[in-house]
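The values are calculated or read from the model by the stated rules, or taken from the named source; none is laboratory data. In this text the structure is predicted, and so the values were computed from the model without any measurement. Note: ideal-geometry Cβ built from the backbone for every residue, glycine included; neighbour counts use all protein chains shown. Protein only, heavy atoms only, side chains kept; ligands, DNA and RNA dropped before computing areas. Shrake-Rupley method; radii C 1.70, N 1.55, O 1.52, S 1.80 Å.
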Amino acid sequence: MEHLVVTGGGPLEGSVRISGSKNGALPLLAATLLSDGRCTLTNVPNLTDIGNLCELLSEVGVSVDRLGPHAISTRVTSEANSVARYELVSRMRASIYLLGPLVAKRGFARVSLPGGCVIGLRPVDLHLKGLRALGAEIELDHGYIVAKAPKGRLQGNRVFLGGPMGSSVGATCNVLMAAVLADGKSVIEGAACEPEVVELANFLNAMGATIEGIGTPRLVITGVPSLGGARQRVIPDRIEAGTYAIAAGMTGGDVRLEDVRLDHLGAVVDTLEKVGFEFSEPEEDVVRVRCPGPLQPVRTTTLTYPGYPTDLQSPLIAMLTKADGISVVSEKIYPDRFMHLAELQRMGADVMKEGSSAVIRGVERLKGTDVDATDLRAGAALVLAGLVAEGTTRLHKVYHVDRGYEDFEAKLTGLGANIHREIVSASYKRAA
Ligand code: UD1
């Protein structure tokens, strides 16, 4: 069992290189299933989620070669197995990304339903709706999604993918990957506009697909019979960049973020500027972040892109526990994504949940204690709280953080944080 042990202390200072985007790399890897050639991805973050998807791809016949810590080359060598097993899918919800490419390319897919997760119900109805619109025959069989394309090919069609919470990143990626090999023209209305979707569309076009309207809610796809190889550099991780920006400002630090796309962080910069942060103009993709004055309270809401991202909700709340007044953060994407509030309370934060909002009254001091990483982003948020808490914070369930933050403690140590990983054999259990 591993813990992260953080001792609160001074400001973070120095430079940190932002890794490639986890959420950007995952659909690109899945898209390589569609290709008849060799695909190469660079700037791929070295994370457990990436390793898990690579394992899944290997099982369905992709030869995955690591060209280095951050470069992966793939080639499909067998189309005999199109089954994504529960044991692998259950490690990571993004495994659902195999469904669209498999049914479009091979005419058949059997992918385990990913199930719920700690941030609340995460349905896949929009994924299925989109694939059905393209002619896939889909049934649920003992916890598996079984999808078949009649006569082996999907048919282009019009589909609206907006859901009750707005557009879906995952459904847009899945249906887009299926539509590029469908016969005829498809139109996806209500498409997600996140940078990760844009990068997927660019990658597919580089493989020979014809997608128009990239970056807009209306994607127009003209199906092609086959796709070739392509090479792409994964975009910098905007969520990781936002996490280090928040860490810099909340510790009163001064940090240079290297390889950052500030144009992907509009709502984050806007919100943090209201808190009192200062961001320099990017120079060769390097941005300086600091917060010279006291942290000001804010009111914000998580939304689909270009709104404030839900994945930076918990780090923002961790920071606002030390702001000079009362903040309100509303969650519009995952209304139940507030497990971290109870952990922050254990550290002395004055936070409460009201419906799908958190009300945060800034306190003078947080106090280090044992806390659980309830999910990936919550884990990072609790480490940030630990950086400004008195004494030592011990973060449990670190595997959540390892899914999405490359070299987390090494990068923080490089900025002057007092953090290390502790490997313990003693069993630890908190009541469920
Ligand atoms: C992706 C990100 C995740 C991020 C989320 C929202 C990846 C691997 N993960 O997740 O980090 O928090 O976007 O920005 O990229 N929904 C439905 N039906 C569906 C699909 C989604 O109702 O079939 C709802 C969800 O419950 C949620 C909203 O739509 O309320 C957005 O979810 P979605 O964009 O699909 O999230 P993911 O792609 O799973």
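Can you name the number of the only condition in (1) under 20 Å from the mean Cα position of the chain (by Cα); (2) open to solvent by 20 Å² or more (accessible area, probe 1.4 Å); (3) over 19 Å from TYR244 (Cβ atoms) that VAL329 fails?
Condition not satisfied by VAL329: (2).
Name the single residue, out of those in region 239-254 being more than 17 Å from PRO294 (Cα to Cα) and among the hydrophobic types (A, V, I, L, M, F, W, C), that is farthest from the ligand (Cβ to nearest atom).
If we take residues in region 239-254 being more than 17 Å from PRO294 (Cα to Cα) and among the hydrophobic types (A, V, I, L, M, F, W, C), then ALA241 is farthest from the ligand (Cβ to nearest atom).
For region 81-89, state whether one or more residues are over 30 Å from GLY416 (Cβ atoms), surrounded by 23 or more Cβ atoms within 10 Å (Cβ to Cβ) and in contact with an Asp or Glu (Cβ under 8 Å, 6 or more places away or on another chain).
Checked against the condition, which is being over 30 Å from GLY416 (Cβ atoms), surrounded by 23 or more Cβ atoms within 10 Å (Cβ to Cβ) and in contact with an Asp or Glu (Cβ under 8 Å, 6 or more places away or on another chain), region 81-89 yields at least one hit.
Among VAL351, VAL363, VAL359, VAL401, which is over 26 Å from the mean Cα position of the chain (by Cα) and either among the β-branched types (Val, Ile, Thr) or outside any loop (DSSP other than H, G, I, E, B) (or both)?
Selected residue: VAL363, the only one of VAL351, VAL363, VAL359, VAL401 that is over 26 Å from the mean Cα position of the chain (by Cα) and either among the β-branched types (Val, Ile, Thr) or outside any loop (DSSP other than H, G, I, E, B) (or both).
Out of all the residues in region 296-338, which are free of Cβ contacts under 8 Å to residues at least 60 places away in the same chain and among the basic types (Lys, Arg)?
Matches in region 296-338: ARG299 only.
Please verify whether region 281-290 includes one or more residues that are crowded, with 20+ Cβ neighbours inside 10 Å and within 15 Å of the ligand (Cβ to nearest atom).
no
PRO27: assigned to a helix (DSSP H, G or I) and either open to solvent by 20 Å² or more (accessible area, probe 1.4 Å) or not aliphatic (A, V, I, L, M) (or both), yes or no?
Yes: the conditions hold for PRO27.
Restricting attention to region 103-127, and to residues there that are open to solvent by less than 20 Å² (accessible area, probe 1.4 Å) and touching a Phe, Trp or Tyr at 6+ places or on another chain (Cβ under 7 Å), which single residue is modelled with the lowest pLDDT?
ILE119
Just for region 167-225: of the residues that are closer than 15 Å to ARG153 by Cβ and among the hydroxyl-bearing types (Ser, Thr, Tyr), which one is farthest from the ligand (Cβ to nearest atom)?
THR222
Can you tell me how many residues in region 134-161 are open to solvent by 20 Å² or more (accessible area, probe 1.4 Å) and within 12 Å of the ligand (Cβ to nearest atom)?
0
Can you say whether GLY416 is surrounded by 24 or more Cβ atoms within 10 Å (Cβ to Cβ) and either in contact with a strand residue (DSSP E or B) (Cβ under 7 Å, 6 or more places away or on another chain) or not in a strand (DSSP E or B) (or both), as far as the supplied structure shows?
So GLY416 does not fit the description; no.
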